[in-house]
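The values are calculated or read from the model by the stated rules, or taken from the named source; none is laboratory data. Note that the structure is predicted; figures quoted are calculated from it, not measured. Here the Cβ positions follow ideal geometry from the backbone for every residue, glycine too, while neighbour counts run over all protein chains shown. To get the accessible areas, we keep the full protein, side chains included, count just its heavy atoms, and leave off ligands, DNA and RNA. Shrake-Rupley method; radii C 1.70, N 1.55, O 1.52, S 1.80 Å.
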Amino acid sequence: MLALLLARKGVPVLLLEAHKDFDREFRGDTIHPSVLEILDEIGLAEPLHKLRHVKVFGPTLRAANTSFNPIDFRRLKTKFPYIMLIPQTKFLEFLAGEASRYREFRLKMTANVESLIEEAGAVRGVRYLSTDGWHEVRATLTVGADGRFSKVRHLAGFEPIKTSPPMDILWFRLPHLPEDPEDEAGRVRGGFANGRMLAVFDRFDYWQVGYVFPKGTYQEVRAAGLESLRTSIVAIEPHFAKHVSSLTDWHQFSLLSVESSRCPRWYKPGLLLIGDAAHVMSPVGGVGINYAIQDATVASNMLASPLKAGHVGVSDLAKVQSDREWPTRIIQAVQSAVQTRIIANVLSSPNAAKIPTLVPLLFRIPWIRDIPARLIAFGVHRAHVAN
Ligand SMILES: Cc1cc2nc3c(=O)[nH]c(=O)nc-3n(C[C@H](O)[C@H](O)[C@H](O)COP(=O)(O)OP(=O)(O)OC[C@H]3O[C@@H](n4cnc5c(N)ncnc54)[C@H](O)[C@@H]3O)c2cc1C
């Protein structure tokens, strides 16, 4: 996204991607209203909507006694009052395709950044390994947008402050069956029973499911066996009674050790971190993509001119961090409160299967429903593209 925005402003950019294509492991498919607004500002919301997608106006939360919609995006004042679900592969291909319209944009796939070029106390570029050997690139600015396990962050010597949310997640797929609901309410849903939680996303051809359990207890989940896991899934989502028979091998699951973190400093001379490289967001609210794209937008707004002038000062980079750090810290504090006050309670109470009666009633009050909707849709501070 940053490469696209900078190229659009006439700044030459080289984007290095370690993978050979964008078909990566599941990392969320949600495009939030804030991102749709940013795309709209550069004329890309309409073409994006032409790709196969679904719109989620409010996820459903389900327990043994009731199910309800705690969030209603329809009430938001925006042209896009919904979360768009689109496979991330398609979204990244779309962005790369749009960026390649600009001659300032170059993309090199299978380019694994392995070291930084540092001279006179400043980062001057990177060395990367590709199928045809080693390469060196020199640049006015190097941006580490390389995700939660950021190599660039590590090479730069930045140590993130980590918090460990009280949970881990097993991700897996279940097949779509002819009797599956086609309604919008079923596209994204969550539920809990017996000290376990489930998050379900419709990915058109299959269901992407996250099974949430207390942190550090994966060996116990495994020791209990697949049958026990299938039973536990069905206890939360009875609808999956047939689907779970497709789960026959532990290789079908990938374990996500959930963490959240934030680097105290996102920059040094010649280098900036954005997105997960600067701050890994907890999965609560699914806002990681939203925050990464807002970082890219602010970085492009603030750095396009200095980049064109051929010199980016440390004070320019500091401005990007100061604009984006406080919204990140606030949302991480909200996520942490949800994790410790709600999720930790659900996961540590095997008998908790019910949503207290008051909760759905509370969420009928429009302004209460609007709070999580607004936070998830926009974060605490909306970024816009400066033209
Ligand atoms: C299982 C899971 C589910 C998630 N679900 C959601 C969700 O529903 N909604 C949401 O908003 N967020 C979700 N997230 C978080 C979201 O994926 C991230 O916050 C978001 O992708 C961050 O974007 P990014 O560009 O900073 O990093 P990434 O999307 O991780 O992109 C980093 C890129 O850098 C490349 N790279 C890494 N190292 C190198 C290297 N050395 N050289 C070259 N390239 C390199 C990687 O291949 C990758 O393509 C989820 C995360 C996980 C793990």
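At-a-glance table
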read-out	value
All positions within the stretch 231-278 that are among the hydroxyl-bearing types (Ser, Thr, Tyr) and away from the ligand (no atom under 16 Å from the Cβ)	Thr231, Ser232, Ser245, Ser246, Thr248
The lone exception for Leu229 - which of (1) more than 30 Å from Leu375 (Cα to Cα); (2) open to solvent by 50 Å² or more (accessible area, probe 1.4 Å); (3) not hydroxyl-bearing (Ser, Thr, Tyr) it fails	(2)
Near pairs, Cβ below 9 angstrom, 6+ apart or cross-chain, from the stretch 291-308 (free of Cβ contacts under 8 Å to residues at least 24 places away in the same chain) to any residue that is open to solvent by less than 10 Å² (accessible area, probe 1.4 Å) and among the aliphatic types (A, V, I, L, M)	Met302/Leu317; Met302/Val320
Single residue of the stretch 103-144 satisfying the filter (open to solvent by 70 Å² or more (accessible area, probe 1.4 Å) and not in a strand (DSSP E or B)) that is nearest to the ligand (Cβ to nearest atom)	Thr131
Pairs, first farther than 27 Å from Val284 by Cα in the stretch 15-33, second among the hydroxyl-bearing types (Ser, Thr, Tyr) and within 7 Å of the ligand (Cβ to nearest atom), C-beta under 6 Å, six or more apart	Leu16/Tyr128
Check on Phe201, part of a strand (DSSP E or B), more than 16 Å from the ligand (Cβ to nearest atom), out of contact with any Leu (no Cβ under 6 Å at 6 or more places or on another chain) and of a type in the set (Phe, Trp, Tyr)	no
Residue list for the stretch 154-169, filter: more than 10 Å from the ligand (Cβ to nearest atom) and either on the phi < 0 side of the Ramachandran plot or at pLDDT below 95 (or both)	Ala156, Phe158, Glu159, Pro160, Ile161, Lys162, Thr163, Ser164, Pro165, Pro166, Met167, Asp168
